[in-house]
Amino acid sequence: MARIASASSGVSVAMSPEPRKPLKPGRTESWLLSLAAWISLTFIVQGVLRVPVAGSLPLFFAGATLCLFATSAMGIFLATVARNMPQFGMLMMLTIIPMQILSGGLTPRESMPVVLQWLMDGAPTTHFVKLGQAILFRGAGLDVVWPGTDRKSTRLNSSHLGNSYAVFCLK
């Protein structure tokens, strides 16, 4: 292990000579987030609060995985656009906070202007909120969540959004 010391700030940093495996951190985070969501939904929501869940939990977690993929791809896209970490942090604040507020989870989409509703259809969190409400509250199945050609109902568009962000980043 090599040590690098900065003369200006007096900070010492330890560096490992072995490179990290590229897929391990992403897999660990997604498993931890899925585990935390499962524990929260099972033990807190259903166990402690006694809130009934109407739909399929595996279908909900499949949708959560797609949303996690799409938002991670969006973060990678923003990281490729930004020139440094402070700029990346500002881009994240300018995109993630409005995306969370306007997704339909905090404010009802019906009270938003039509143009804003149309713009927010490009955000993966909007589709995740629709998916979560359909599955957990109304007991929707796969035929409702992922229909063939019906554009009015809830779809798992997060996979398409994540793929488009990932393809754009690789170009």
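The values are calculated or read from the model by the stated rules, or taken from the named source; none is laboratory data. Everything quoted here is computed from the prediction, not taken from an experiment. Glycine gets a Cβ as well: all are built from the backbone with ideal geometry, and neighbour counts include every protein chain shown. Each accessible area value is taken on the protein alone, full model and side chains, heavy atoms only, with ligands, DNA and RNA left out. Shrake-Rupley method; radii C 1.70, N 1.55, O 1.52, S 1.80 Å.
Descriptive notes on the structure:
- More than 21 Å apart - percent of Cα-Cα pairs taken over segment 55-131: 35
- For V51 and V81, the difference between the fully extended length at 0.36 nm per residue and the C-alpha to C-alpha distance is 6.6 nm.
- Computed from the C-beta positions of T65 and I97, the FRET efficiency with R₀ = 22 Å rounds to 0.40.
- Segment 63-150: relative contact order as a whole-number percent, Cα under 8 Å and 6+ apart: 28
- Accessible surface for segment 27-114, divided over its residues, is 66 Å² per residue with a 1.4 Å probe.
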